[in-house]
Amino acid sequence: MDRITSSDLNARVVRAVELFKSGFNCSQSVVAAFADLYGYTEEQALRMSASFGGGIGRMRQTCGAACGLFLVAGLKTGSTNPNDREGKAANYALVQELAERFKQVNGALICAELLGLKKTDETPPIPEIRTNQYYAKRPCSQIVEQAARIWVDYLKKEGKIA
């Protein structure tokens, strides 16, 4: 990745929220906002992250925005050699660091907890229609924004900012 400006990174946070508000899921929104930095098109990013929305397939497990954050971490630091134990360890350490930060900022890593859903709530696989009421009752836009900001903070800490 070439050096990138701080304003470009901030624009990517805004883009992630715009993608979510346009109807993409939380994971897609985070991944698509950054994927081009790692050689992926927006279409590829949307496809690779499509299954992780709604807490992975709308099962309300690990938050899709967090999954998107972890996917982006893999695009940047993921090992491509099956014997690269150090590379795998470094990526896992980064994911754990990002997960801890995500929990600190948002209070949880689990979609159902973030949305205040009870364990007994049934979650049909059909996504809700995006309306103003949907956005008003869900913290997802803010969580997408926070996930994107966490990645921006990581990149800034890494020192690749022009």
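Before moving on, here are some points about what is shown:
- Filter result for G87 (part of a loop (DSSP other than H, G, I, E, B) and either surrounded by 14 or more Cβ atoms within 10 Å (Cβ to Cβ) or free of Cβ contacts under 8 Å to residues at least 12 places away in the same chain (or both)): no
- In segment 34-53, the residues that are on the phi < 0 side of the Ramachandran plot and buried (at least 19 other Cβ atoms within 10 Å of the Cβ) form Cβ pairs under 6 Å with partners that are part of a loop (DSSP other than H, G, I, E, B) and of a type in the set (A, V, I, L, M), at six or more places apart or across chains, as follows: L37/M1.
Yes/no per residue for (1) surrounded by 15 or more Cβ atoms within 10 Å (Cβ to Cβ); (2) modelled with pLDDT of 95 or more:
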residue: V72; (1), (2): yes, yes
residue: P82; (1), (2): no, yes
residue: A99; (1), (2): yes, yes
residue: G116; (1), (2): no, no
residue: E128; (1), (2): no, no
residue: V152; (1), (2): yes, yes
residue: I161; (1), (2): yes, no
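- The set of residues in segment 57-99 being among the aromatic types (F, W, Y) and closer than 20 Å to L9 by Cα consists of F70 alone.
The values are calculated or read from the model by the stated rules, or taken from the named source; none is laboratory data. If you're wondering where the values come from, they're calculated on a predicted model, not measured in any experiment. Ideal geometry is used to build each Cβ from the backbone, glycine not excepted, and the neighbour counts take in all protein chains shown.
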